[in-house]
Amino acid sequence: MTFIDEEFGEVVVRKSALSRRFSFSVAPSGGLRISAPCGVSERSILRALNAARREINTKLGITSESEMKKRQRADKIELLQSKARRILPERLQELARLGDFKYEKVRFSHSSSRWGSCSGKGTISLNIALMQLPPVLIDYVLIHELAHTRQMNHSAVFWKEVERCDKNYKRHRKMLKLHSPHV
Ligand SMILES: [Zn+2]
């Protein structure tokens, strides 16, 4: 049974032998779904709906808010990803050329707590959250990862490699700590 409610729009009623009482949820169509016990009358469904209006409003409000946040995050990830793909490979190549570094390939991530990483095989992973940083800090991260293609550690020799391409790396490193790689 489906009907239109003034407040909630389309209401879909599902009767089920398993339902012992009324419960309310969001239907896939976005309207309201009422699960009702078998054999209840239309009138008692309406009565249950009227009695639960406030509860339903709270529930729908919370659901649509978390849905919205999820959707906003997905949109943001998509945007950062396309920006990252457009800008970072080219910049990495340029910095590698300037610093005489060699890397195998570049890939992107977004679910990590790190800005970037470099594998032993020379694959550089870059967090798309980099696109939220000022260019000078993006460069610092790229140089940092490129330096790992020579030194897979954070030894003094490694920092010398970084310094060769970024004289102000100490300041940039500190500034970077003020940002979060979380998208
Ligand atoms: Zn490192």
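Annotations
- Volume per residue of the C-alpha convex hull in the chain, rounded to whole Å³: 173
- Converting the Cα gyration tensor eigenvalues of the range 72-176 into ellipsoid dimensions via √(5λ) gives semi-axes, longest first, of 23, 15, 12 Å.
- Going from the fewest other Cβ atoms within 10 Å to the most, the residues His144, His110, His179 appear in the order His179, His110, His144.
- Relative contact order [Cα under 8 Å, 6+ residues apart], the range 1-152, whole percent: 14
- Tensor-based shape of the range 2-51 (alpha-carbon gyration tensor, a/c under 1.5 rounded, otherwise prolate or oblate): oblate
- Counting DSSP beta bridges with both ends in the chain, the antiparallel % (nearest 5): 50
- A Förster radius of 30 Å, combined with the Cβ-Cβ distance separating Ser16 from Lys70, puts the computed FRET efficiency at roughly 0.60.
- Distance between the range 110-183 and the range 79-106 - C-alpha centres, whole angstrom: 12
- Summarising the label geometry, the points placed 7 Å from Cα in the beta-carbon direction at Ala27 and Leu46 lie 1.7 nm from one another.
- Degrees, to the nearest 10: 42-51 long Cα axis against longest axis of the chain: 50
- Convex hull projection area averaged over all views, the range 109-161, Cα basis, nm²: 3.7
- Rounded to 10°, Cα long-axis angle of helix 156-165 versus longest principal axis of the chain: 90
Every number here is computed from the coordinates shown, using simple stated rules; none is lab data. This one's a predicted model, so the numbers in the text were calculated from it and none came from an experiment. Glycine also receives a Cβ, built like all others from the backbone with ideal geometry; neighbour counts cover every protein chain displayed.
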